[in-house]
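Heads up: the structure comes next, in structure tokens.
The values are calculated or read from the model by the stated rules, or taken from the named source; none is laboratory data. Keep in mind the model is a prediction, meaning the values are calculated, not measured. Neighbour counts are summed over all protein chains in view; Cβ atoms, including those assigned to glycine, are modelled from backbone coordinates with ideal geometry.
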Amino acid sequence: MWDIIFMEGIPDVFRNTYQAFPLDLYTDCFYENRKEAIECRLQLLQEASTETLHSLMADVWTEHLGEASAPVSWERFSSLQQAQSLVSCLGGSLLSGLCRKMSKDIRHCKGGLPDLVVWNVQKQIYKVQRQE
């Protein structure tokens, strides 16, 4: 979704090339300004194989690793492979749903990952723990 977050052609959302996010990111306009591109990507994620998800993630990781971006915390994962292993367990359907929710209302989703997320690649399972 990196390319959609930072897509060109949306008026008045970028003032300089060093912005960590577009100015509409935390507004209701973000989704509407990118609706067609977002929905297309969500459909791709929904139907994607694990290999496709890994490839999409690798492309963004290698091109943008370390770049300042409000929605991304690069230090959450020690490597691309670790991030890909979580994506394998979550699957495209769940990722698509998470991206849909975040693209429509990131203001209330920007807390990041829950308190604890564990996953087992061999068993293709994950558990999420939130502190209430």
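Which members of the stretch 16-31 meet the condition of being surrounded by fewer than 16 Cβ atoms within 10 Å (Cβ to Cβ) and closer than 17 Å to E67 by Cβ?
N16, T17, Y18, Q19, A20
Working carefully through the options A37, A70, A58, find the one that is among the aliphatic types (A, V, I, L, M), outside any helix (DSSP H, G or I) and farther than 18 Å from Y126 by Cβ.
A70
Does L80 satisfy being touching a residue at least 12 places away in the same chain (Cβ under 8 Å) and under 22 Å from K127 (Cβ atoms)?
Here the answer is no, as L80 does not meet what is asked.
Determine whether L23 is in a helix (DSSP H, G or I) and either modelled with pLDDT of 95 or more or over 17 Å from G97 (Cα atoms) (or both).
Spelling it out, it is not the case that L23 is in a helix (DSSP H, G or I) and either modelled with pLDDT of 95 or more or over 17 Å from G97 (Cα atoms) (or both).
Is there a residue in the stretch 71-80 that is closer than 30 Å to E32 by Cβ, surrounded by 14 or more Cβ atoms within 10 Å (Cβ to Cβ) and at pLDDT 90 or above?
No - not one qualifying residue is present in the stretch 71-80.
Cβ-Cβ under 8 Å, sequence separation 6+ or interchain: first residue in the stretch 115-129 and over 13 Å from G91 (Cβ atoms), partner in a loop (DSSP other than H, G, I, E, B). Which pairs?
Every condition considered, the pairs that remain are D115/R130; D115/Q131; V128/P114; Q129/P114; Q129/D115.
Is it true that E51 is modelled with pLDDT of 95 or more, closer than 28 Å to P22 by Cα and over 13 Å from the mean Cα position of the chain (by Cα)?
Spelling it out, it is not the case that E51 is modelled with pLDDT of 95 or more, closer than 28 Å to P22 by Cα and over 13 Å from the mean Cα position of the chain (by Cα).
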